[in-house]
Amino acid sequence: MQAFFQYNWMIRDQWYAWCETVPEEELLRHRTGGMGSILKNLFHIVDVEWSWIRLLEGKTEFQEDFDQFNSLEKLKALDVELRPEVKAYVEAWNSEMDSLPLVLPQEDGEVEILAAGEVMRHVIAHQIYHIGQLSVWSRELGKKPISPNLIGNALIKPQQQK
């Protein structure tokens, strides 16, 4: 689990660096699909990751407002602020936590019960999905997208051979 979060953070940071090479109006330009713009996609990834982790920690969900973070610098600062809480939870994760229940009250008074491991995997897949949209948009801008390749990034070290 930890390796996939590390992968997501590494790729997200590479996309931030990519964004620094693009005019801000292109980062904010309305696009088809995803959350509607490059910056909104990245903001949504950060917000969803943090919101789910807060729920898993037993804290209240809190959704940030994109209008307060509508520049690359503001978004990066938000990620720097929120990531330590997420990272601490991820680093404490173990397989015994997979089946812990997350109880989500619904508007109709019912409750939905999810397995914590399912939520963690959703958070991982959620970023990967939205990063794919960034890749399409980068090609539309005539720019090379960030490689999503997991292999070769030394996130998991091989055992030493004897």
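Computed from the mean reciprocal separation of all distinct C-alpha pairs, what Kirkwood hydrodynamic radius does the chain have, in Å? Before the final figure, lay out each step's value.
Numbers: mean 1/r = 0.0585 Å⁻¹.
So the Kirkwood estimate lands at 17.1 Å.
Can you give the local net charge around A17? Use residues other than it whose beta-carbon is closer than 14 angstrom to its beta-carbon, Lys and Arg +1, Asp and Glu -1. It would help to have the intermediate numbers written out before the result.
Values: positive: R12, K76, K143, K144; negative: D13, E20, E73, D79.
Net charge in that neighbourhood comes out at 0.
Too long at a 31 Å Cα-Cα cut-off: which of K87/K162; K74/K144; K87/K144; K76/K144; K74/K157; K76/K157?
On the way: K87/K162 34 Å; K74/K144 24 Å; K87/K144 29 Å; K76/K144 21 Å; K74/K157 34 Å; K76/K157 29 Å.
In this structure, K87/K162; K74/K157 exceed 31 Å between Cα atoms.
Hey, what does the equivalent ellipsoid look like for region 1-48, semi-axes from the Cα gyration tensor as sqrt of 5 times each eigenvalue, largest first, whole Å? Write out the running numbers ahead of the final one.
Values: eigenvalues 94, 36, 9 Å².
Calculated on Cα positions only, the semi-axes equal 22, 13, 7 Å.
Looking only at A125, A77, A92, which one moves most when the chain is put into a Gaussian network model with springs between Cα atoms under 10 Å?
Per the Cα network of the chain with a 10 Å cutoff, A92 tops the list.
Using a Cα-Cα cut-off of under 16 Å, which aspartates and glutamates could be cross-linked to K40, ignoring same-chain neighbours fewer than 8 residues away?
D13, E20, E24, E25, E26, E49, E64, D65, D67, E73, D79
Counting pairs of Cα atoms in region 37-83, how many percent are more than 12 Å apart? Can you show the working numbers first?
Values: 638 of 1081 pairs.
Of all Cα-Cα distances in region 37-83, 59 percent exceed 12 Å.
So which chymotrypsin sites (Phe, Trp or Tyr not before Pro) in region 20-106 end up in coil per DSSP with only 13 or fewer other C-beta atoms within 10 Å?
Details: sites: F43, W50, W52, F62, F66, F69, Y89, W93; in loops: F62, W93.
The qualifying sites are F62.
Given a 1.4 Å probe and every protein chain left where it sits, what share in percent of the accessible area of the chain is carbon and sulfur?
Details: 5130 of 9580 Å².
C and S fraction of accessible area: 54 percent.
The values are calculated or read from the model by the stated rules, or taken from the named source; none is laboratory data. On a predicted model such as this, the values are computed, not experimentally measured, just so you know. Virtual Cβ from ideal backbone geometry, glycine too; neighbours counted across all protein chains shown. Note: accessible area is taken over every heavy atom of the protein model, side chains too, but ligands, DNA and RNA are not part of it. Shrake-Rupley method; radii C 1.70, N 1.55, O 1.52, S 1.80 Å.
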